[in-house]
Amino acid sequence: MPSNKDTIAAIATPSGRSGIGVIRVSGNKSQRIYQSFIGQEPENRRAQYSSFKSSANIVLDKGISIFFKAPMSYTGEDVVEFYAHGNRTILDMLLEEIVTQGARLARPGEFTERAFLNGKIDLVQAEAVADLIDSNSKKAAHSAMQSLEGVFSESILQLKEKIISAKSLIEAFLDFPDEEDIKFDAHPACKNIKECLGLLDSTLIKAKKGRMLDHTPLIVIAGRPNVGKSTLINYFSGNDTAITSEEPGTTRDAIREKILLMDRPVTLIDTAGLHHTDSHLEVKGIEKTHKAIKQADLVLYLIDYNATAKNANEEIKKYLPADVKYILVRNKIDLYNKKSAKKEIDNNKCNVSAKTGKGIEGLIKKIQQALDLNIENEDVVFARQRHIDALKAVKKLLEISLLSIENEEGLEVVAEPLRESLLIFDEIVGKTTTDDILENIFSSFCIGK
């Protein structure tokens, strides 16, 4: 791993044409680089509009620069930010000049890594930075911001404090092993551990629901040919994504379309119609349909509105695996009169017209229920899988300790799982960690953050 003493630099805005492009510099050479570019001493936290000049006194661009004196900066080091015109060629020239003056190109996530190493944020907050940048819905962004502000870290700290309290009660008696007149009272320690298990369960529920915000559900539209699968995906996407035709077998390749459903991103897949055929190309398309169905979080299985319940059940049984979640969608209700209307009795049945949009709102509600997407107003934690795995490990250790108390095992046996659980809490927030873990976390960041 490169030295934390190096001065690092990177373009912090995405490539492409834009009004403004930002270059970030962090390290002990930042002030000198500012002076070279601007031609004067920087004033802490003061925006300065000026020319950006090379060491050969050539004006490379004009823009705004801000100097942040350590430790009151994002990384805890001296930091300079240059706001130039958002032209990649100009930004590359500026960055090249900064490198010639003693900086090196930053690795992905290295600015946030330095913020963590310098104690500006803990590891959970550092991960929240990347989660905030990658968030794909309002709820995901809000939850990631809460983690960045330390809400999740605070809940971890509360859990840790309760375990420390229980451990202290037990170890107080371990300090006097030969005092026969002092009897260990297990009740306070048991109470603390049980309270901690209750908080753990609550945190795990919030964390698991939070993981859903990081997952884009896969919804596969399946059914026999000419039941309106392509029309439905076109309605959802608002575009003619798929070709529609009365001729069977029009769709042969799976067509993917990302859409927002109740402010949650989902991926829709339009698939080849399921039926028996001798056409080699259609067989290949149907094989892809079966593969997509197996990977789906939810299948919208379309049938013609006038299909009998018996035929519908036979198709479901024939084409869908038993463990696949599905909604039976009766399509083309616009072609039939109201007298023949069929009631939607079950949550996994819906009547729609993909052509006119009638019944689509009801279908969206059923999709929302089936995928448990309705967490907009719920209290969730935007946790990563490593956090969930760690909390599960802590829960298991607490249960072992509680069982040891109930079985009246030795106090050392009771205390050991509690000690181990505290180490796991330290790993979550990054108090104790390894270079491999840090590399795995920060390598997924974008350059310049």
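Here's how it looks for A70: its modeled amide H is under 5 Å from those of D78, V79, which are all 5 or more places away or on a different chain. Dipole orientation for the chain: of the candidates L197, P265, I164, P265 has the Cα lying most toward the positive pole (charges on Cβ; Lys, Arg +1; Asp, Glu -1). Pair-distance distribution P(r) for region 8-122, from all Cα-Cα distances in 10 Å bins starting at 0: 15, 49, 31, 4, 0 percent. Any idea what log10 I(q)/I(0) is at q = 0.08, 0.13 Å⁻¹ for the chain, Debye with uniform C-alpha scatterers and no solvent? Log-scaled intensity ratios, in q order: -0.72, -1.07.
Annotation: amide H-H contacts under 5 Å for R224 (H modelled 1.01 Å from N, sequence separation of 5 or more, or interchain): L274. In a reduced charge model with +1 at each Lys and Arg Cβ and -1 at each Asp and Glu Cβ, the chain shows a dipole moment near 2600 debye about its Cα centre.
Amide H contacts under 5 Å for F52: L60, D61, K62, G63, restricted to partners 5 or more places along the chain or on a different chain, H placed in the peptide plane at 1.01 Å from N.
Here the Karplus relation 6.51 cos²θ - 1.76 cosθ + 1.60, evaluated at θ = phi - 60°, turns the backbone of region 305-312 into coupling constants of 4, 8, 5, 6, 4, 5, 5, 4 Hz, with x for every Gly and Pro. Over 19 Å between C-alpha atoms is what I'm after, so list which of K206/K431; K310/K355; K291/K325; K208/K449; K167/K208; K291/K317 land there. In this structure, K206/K431; K310/K355; K208/K449; K167/K208 exceed 19 Å between Cα atoms.
Summing Cβ point charges (Lys, Arg +1; Asp, Glu -1) relative to the Cα centre of region 1-73 gives a dipole of roughly 60 debye.
Relative contact order of region 38-197, taken over Cα pairs closer than 8 Å and 6 or more residues apart, is 12 percent.
When both bridge partners sit in the chain, DSSP labels roughly 60% of those beta bridges antiparallel. Between S73, Q369, N234, the Cα set farthest toward the positive side of the dipole of the chain (charges on each charged residue's Cβ, about the Cα centre) is that of N234.
Where a number appears in this text, it was derived from the coordinates with a stated rule and is not lab data. Computed from a predicted model, the values in this text were never measured in an experiment. Cβ atoms come from the backbone with ideal geometry, glycine included; neighbour counts cover every protein chain shown.
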